[in-house]
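See below for the structure under consideration.
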Amino acid sequence: MHIGGNLPRPADPRGKPDPHAFTAEQKLIDARSLDEALEWLTPIERVEVAADARLLNQLALLPDAQHPDFKI
């Protein structure tokens with residue numbers, strides 16, 4: 001529903017990709033968990049992810065971090 005209301009992002013000029021969107025995409029590729037991705041993304045990169053259906057889906061597909069159980 002969120003994505004349906006978003007207008008398409010304007011195309012970047014040739015040879016000048018938006019650094020925030022470009023970096024956000026690479027961070028999502030590198031991240032192994034949702035927690036890791038959210039830790040790495042800056043506020044402006046989070047906006048880029050939220051505005052792009054493909055990036056938002058990529059974020060949603062990341063697994064939750066596994067927190068070890070401590071037993072005594």
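The values are calculated or read from the model by the stated rules, or taken from the named source; none is laboratory data. No experiment lies behind these values; they were computed from the predicted model shown. Ideal geometry is used to build each Cβ from the backbone, glycine not excepted, and the neighbour counts take in all protein chains shown. Keep in mind that these areas ignore ligands, DNA and RNA; they rest on the heavy atoms of the full protein, side chains included. Shrake-Rupley method; radii C 1.70, N 1.55, O 1.52, S 1.80 Å.
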Across segment 35-62, the tally of residues that are of a type in the set (A, V, I, L, M, F, W, C) and within 13 Å of Thr23 (Cβ to Cβ) stands at 7
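Within segment 19-67, restricting attention to residues that are in a loop (DSSP other than H, G, I, E, B) and either basic (Lys, Arg) or open to solvent by less than 60 Å² (accessible area, probe 1.4 Å) (or both), which residue is farthest from Pro8 (Cα to Cα)? Walk me through it before giving the result.
Step one: of segment 19-67, the residues in a loop (DSSP other than H, G, I, E, B) are 31-33, 41-42, 52, 61-67.
Checking the rest, the ones that are also either basic (Lys, Arg) or open to solvent by less than 60 Å² (accessible area, probe 1.4 Å) (or both) come to 31-33, 41-42, 52, 62, 65.
Numbers: Ala31: 25, Arg32: 28, Ser33: 27, Leu41: 21, Thr42: 21, Asp52: 8, Leu62: 24, Ala65: 31 Å.
By that ranking, first place goes to Ala65.
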